[in-house]
1. Multiply the residue separation of residue 218 and residue 96 by 0.36 nm, subtract the distance between their alpha-carbon atoms, and state the gained length in nm to one decimal.
2. Once you have the alpha carbon radius of gyration of the chain, what is it after dividing by 2.2 N^0.38 Å, with N set to its residue count?
3. Express the relative contact order of the chain as a whole percentage, based on alpha carbon pairs under 8 Å and six or more residues apart in sequence.
4. Of the residues 67, 153, 123, which exhibits the maximal mean-square fluctuation in a Gaussian network model of the chain defined by a 10 Å Cα contact cut-off?
5. Can you compute the label reach from residue 47? Point 7 Å from Cα along the Cβ direction, backbone N cut-off under 18 Å, restricted to the range 177-221.
6. Of 188, 29, how do they rank once you tally other Cβ atoms within 10 Å and put the fewest first?
7. Quick check on the chain: helices-only [θ] at 222 nm, where DSSP H runs of length 4 and up contribute -39,500 (n - 2.57) each and the sum goes over total residues. Nearest 500, please.
8. Under a point spin-label approximation (7 Å from Cα along Cα-to-Cβ), what is the residue 33-residue 5 distance to one decimal in nm?
Ligand SMILES: Cc1cc2nc3c(=O)[nH]c(=O)nc-3n(C[C@H](O)[C@H](O)[C@H](O)COP(=O)(O)O)c2cc1C
């Protein structure tokens, strides 16, 4: 058993993997841990499709072609411009820190596009999990459940010497994923998680981004009479 705090503090989104597949018993252990995730009324709405080998490669080929053609089939919108200015600044700082770790100059748009494109080959990972849920209401509650599932999955990967990177970008290819996997239109793709053994020597695996202090996100309320 790895110490919980160590797992939480060492987990990071790794963007370079070794090709070594994850042994089946290890993957089963990780998935059984993730299955313990809490959900609204224990609905457990997640449906997780794990792509490896030829299927993963076929998906990569399809979505890379779609990316190059500008064909986006997202079920749920995502635009950093929709966030407040503080969050937008954090997103910009995150991108800048990542490109700096890779040695990519700010003005080098071709290199930056290539770095973004690496999402579509799963950063060399041997597996990618695609997280689907049935469309329910405005989907906010199922999305929360899937987010919780994803974090349990990611922490379990870390605890087992593995790593993963959640990727909203893979959600840009929901139609392509449904077609490949034979899923109905009603199953919505939230995001994917590429995972495997981190290539610990690569700059993309060493890079780390900080958080704002908890005091900026957490507000205590205990007395009705205090100002
Ligand atoms: C739901 C979700 C979607 C994300 N989508 C992407 C993505 O498409 N591509 C990517 O490289 N990173 C993606 N990330 C990783 C974030 O950039 C990363 O979690 C954040 O910068 C904090 O870094 P850390 O995970 O290493 O602590 C995503 C993270 C989450 C939680």
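Values in this text are rule-based calculations from the coordinates and carry no lab data. Since the structure is predicted, the reported quantities are computational estimates derived from the model, not experimental observations. In this analysis, Cβ positions are derived from the backbone assuming ideal geometry, glycine residues included, and neighbour counts consider all displayed protein chains.
1. Fully extending the segment from residue 218 to residue 96 adds 41.3 nm.
2. Scaled against compact globular proteins, the figure is 1.07.
3. The normalised contact order for the chain reaches 38 percent.
4. 67
5. The answer is 177-193, whose backbone nitrogens lie closer than 18 Å to the label point.
6. Going from sparsest to densest Cβ surroundings: 29, 188.
7. Working: 8 runs with 93 residues, N = 227.
Theoretical 222 nm ellipticity from helices: -12500 deg cm²/dmol.
8. Modelled inter-label distance: 1.9 nm.
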